[in-house]
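Structure first, then comments.
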Amino acid sequence: MDFIRYLDPTVQFMLFSAVKIVLVFAVAMTGVAYAVLVERKVSAWIQDRVGPNRAAPFFVHYLPVVGPFLTKLGIFQPMADGLKFILKEDFTPSYVRKIYFWIAPAISCVPALMTLAVIPFGSTLGNANNPMVIADLNVGILYTFGIVSLGVYGIVLAGYASNSKYPFLGGIRSSAQMISYEIAMGMSVVSVFLVVGDLNLSKVVAYQSGGIHEWLIFKQPLAFFIFLVSAFAETNRLPFDLPESETELVGGYHTEYSSMKFALFFLGEYAAMIGASAMMVTLFLGGWTPIWGGAPASSLLVGLSHIVWFLAKLGFFMVLFIWVRWMLPRFRYDQLMNLGWRRFIPLALVNIIITAGLIALTHK
Amino acid sequence: MSTKVVDRTPLTFYERSYLPAILSGLKVTARHFLRSAKGHNTATDLSQGYYPEVPWTVAEGYRGAPYLVRDQEGHTKCVSCQLCEFICPPKAIKITPPGPEGIPSDRANAEKMPREFEINMLRCIFCGMCQEVCPEEAIFLQKDYSLTGTSREEMIYNKEKLLSLGGTHAGIQKWKHKLESAQHQEVFPVKTH
Amino acid sequence: MPTLPDLLFYALAGFTLLFGFLCVANPFSRNPVTSAMFLVLTIISMAGLFVLLQAFFLAAVQVLVYAGAVMVLFLFVIMLLDIKEEERRRLNKAALGIGGVAVLAIAGLLVRALVQATPLASAAGQRAEGSTKPLGRLLFTEYLLPFEILSVLLLVAMVGVILLSKKEMK
């Protein structure tokens, strides 16, 4: 690996970036697959069911104790699911608007993955000037919000392209819902950046690196709460899954979709969950820093442990997303709008004013 | 007055913030999660094994697939009145009645008998309307719940298949009783007071 | 040989013009949703141009506000309209003429400004560290009055909307 040192800095940067992109993409995709498994298993256990417990490739049969145990946990289920999605008949109804019908799944999936580009998922690995973030943007958070706001087009276009009434209603609902909660989300983050004084997500993590008492969740609990609930609404998760509410709209915006196109919507939803969880970890739970605090890693092992810390915090939020799904019933549409516009936005504004006032008083 | 108006206590601010409800919800779901994770599954007894290997015991009165039944003497009970065909919500039943010449029924005192009787099991919703409406008690929802086939054609069950699957219904033999009572009436039994 | 930023500039500028043209005069489709989507693409291409000018904040806000919020509302409204009627509508000659005059006027202004302007030596010196800080400072010092007037304008629009929507509740 010594040849890397002698490369041109630009080439080196491009090489490292490419490796990071591939790694983050691979981890995110695996994460999506296993988030689906966790979702199924957790939901089954909460509802006193068994959950996926039999899918297994043939060789697992020969492993003595581990094999049956892993099979019982459903570890191999995501592979079976993925294979099933690929092999299923991809059916395009005759009445759809073909072009939009084809690009809508991609549009809903790509922005969710793109948000991961600015998340610092670790400190450094080996080389000190090689931070574990794909793009260390100065306006990181704004980039995330911009990209996330594009994700709504996937759902709206899917509803429009399907050319039938339930998907259409789902698309209409999601367009209003996503815009409303984006505002609440953005406003809640403003107070965080008032405290930190920078929009760069790496700086936000650096600000919280002193240990658990420095985490912004304790300094801005209200902002965290608003951001958390808005994240549920932005990712169309229960209790805010009105765009696809099965009991009212069949499947909402993806009623007419099948096979891999449906899988892309599915993937988009879970990737958005991962993105939102990563944002919350970075903004409020100190990113990759351990609970006792930490400076950028000095050795390879410490660098790896930071990535593990980040993934552990990410996993916490993913489980929270899934846990809440099986606990709260769906909101009614007017309740949803009421909560967004008449509770969260004023609360976030008050939070900004109080935070700004406190900073002005103490910063003399 | 027997009714007693109970004043509904207004919710406190803490209660209106949804937080206590959310927290207690998290507690309940976590309890169930942990219990299941430990293996103490409360809903079903799984000590015998899981479904496909250990078949499910079908409860009495279960409404599975509808089949045609024969009476004890092995005669077809259906008289091709087509009431089930008309009532069937998903239009799964298709009866071909006999023409003017008719087909010989396989029992005495039956005017008609279906030439063909088809149920499309892909359409059937197991609602039981056919059983409800049948004046001859010739069709019953039985205990089959897992029907499979490799083609759509295979899932359309014809008369022969329905009769063989339905078996003999050992209950009421409406026409036998009617015949008996008719024959009985011929005898003019003398009532002794 | 053109550098990468040059190539990107020409590509993005071309995309902006192409998508803008397809937004207003698409020869293949008169569907309002298609027009709206091309407007979104125009906005995103323009955000790319801002990135090339090192104005990351403007680029992000451009995508966030225009592509992410305003255009979604546009789509929301378009979907509630009768699109078939819109597709049947013929081109209005008078509107076309007035539009042409407006385009010519703006183009003239732009050309005049370009001719009169002295080319900047280099924008490199202007590249600020965190581009939000100087922008915010400018907004609250030098351009305070226009900023406040704009906010009053938005307030007027909001009051108007509330007035219109509350009309029936006398």
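The values are calculated or read from the model by the stated rules, or taken from the named source; none is laboratory data. Predicted model, so just to flag it, every value in this text is computed and none were measured. Cβ placement follows ideal geometry from the backbone for every residue including glycine, while neighbour counts extend to all protein chains displayed.
The table that follows gives values for the structure above.
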read-out: Checklist (1) part of a helix (DSSP H, G or I); (2) closer than 30 Å to A:ILE353 by Cβ; (3) within 13 Å of another protein chain (Cβ to nearest Cβ) applied to A:ASP198, failing item; value: (1)
read-out: Criterion (more than 22 Å from A:TYR270 (Cα to Cα), surrounded by fewer than 24 Cβ atoms within 10 Å (Cβ to Cβ) and under 20 Å from the mean Cα position of the chain (by Cα)) met by exactly one of A:LEU113, A:LEU125, A:LEU137; value: A:LEU137
read-out: Test: residue in the stretch C:1-11 that is hydrophobic (A, V, I, L, M, F, W, C), crowded, with 19+ Cβ neighbours inside 10 Å and under 18 Å from the mean Cα position of the chain (by Cα); value: no
read-out: Test: A:MET187 is within 12 Å of chain C (Cβ to nearest Cβ), under 19 Å from A:LEU336 (Cβ atoms) and surrounded by 20 or more Cβ atoms within 10 Å (Cβ to Cβ); value: no
read-out: One residue from A:GLU214, A:GLU234 being more than 9 Å from every other protein chain (Cβ to nearest Cβ), under 18 Å from A:GLY251 (Cα atoms) and in contact with a Gly (Cβ under 9 Å, 6 or more places away or on another chain); value: A:GLU234
read-out: Test: residue in the stretch B:47-60 that is touching a helix residue (DSSP H, G or I) at 6+ places or on another chain (Cβ under 8 Å), within 14 Å of chain A (Cβ to nearest Cβ), modelled with pLDDT under 85 and in a loop (DSSP other than H, G, I, E, B); value: no
read-out: Residues within the stretch B:24-39 that are over 16 Å from A:PRO329 (Cβ atoms) and more than 7 Å from every other protein chain (Cβ to nearest Cβ), tallied; value: 7
read-out: Meets criteria (in contact (Cβ under 8 Å) with a residue 24 or more places away in the chain and in a helix (DSSP H, G or I)) for A:ALA348; value: yes
read-out: Boolean, A:ALA158 is in a helix (DSSP H, G or I), closer than 29 Å to A:GLU256 by Cα and in contact with a His (Cβ under 7 Å, 6 or more places away or on another chain); value: yes
read-out: Only one of A:LEU358, A:LEU314, A:LEU347, A:LEU328 that is within 13 Å of another protein chain (Cβ to nearest Cβ) and modelled with pLDDT of 85 or more; value: A:LEU347
read-out: Residue satisfying all of: in the stretch A:56-74; surrounded by fewer than 17 Cβ atoms within 10 Å (Cβ to Cβ) and under 30 Å from A:MET327 (Cα atoms); farthest from the other protein chains (Cβ to nearest Cβ) among these; value: A:LEU70
read-out: Matching residues in the stretch C:12-29 - criterion: being more than 20 Å from C:GLY48 (Cβ to Cβ) and within 14 Å of chain A (Cβ to nearest Cβ); value: C:ASN26, C:PHE28, C:SER29
read-out: In the stretch B:80-96, the residues that are among the hydroxyl-bearing types (Ser, Thr, Tyr) and buried (at least 20 other Cβ atoms within 10 Å of the Cβ); value: B:SER80
read-out: Qualifying residue in the stretch A:8-29 (condition: touching a residue at least 12 places away in the same chain (Cβ under 8 Å) and within 14 Å of another protein chain (Cβ to nearest Cβ)); value: no
read-out: Any hit, the stretch A:25-40, residues being over 23 Å from A:MET273 (Cα atoms) and surrounded by 18 or more Cβ atoms within 10 Å (Cβ to Cβ); value: no
read-out: Selection within the stretch A:245-267 - acidic (Asp, Glu) and surrounded by 23 or more Cβ atoms within 10 Å (Cβ to Cβ); value: A:GLU256
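For (1) more than 26 Å from A:VAL308 (Cα to Cα); (2) among the β-branched types (Val, Ile, Thr); (3) surrounded by fewer than 20 Cβ atoms within 10 Å (Cβ to Cβ); (4) touching a Gly at 6+ places or on another chain (Cβ under 9 Å), each residue gets a yes or a no:
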{"position": "A:GLY146", "(1), (2), (3), (4)": "yes, no, no, yes"}
{"position": "A:SER174", "(1), (2), (3), (4)": "yes, no, no, yes"}
{"position": "A:LYS203", "(1), (2), (3), (4)": "no, no, yes, yes"}
{"position": "A:LYS219", "(1), (2), (3), (4)": "no, no, yes, no"}
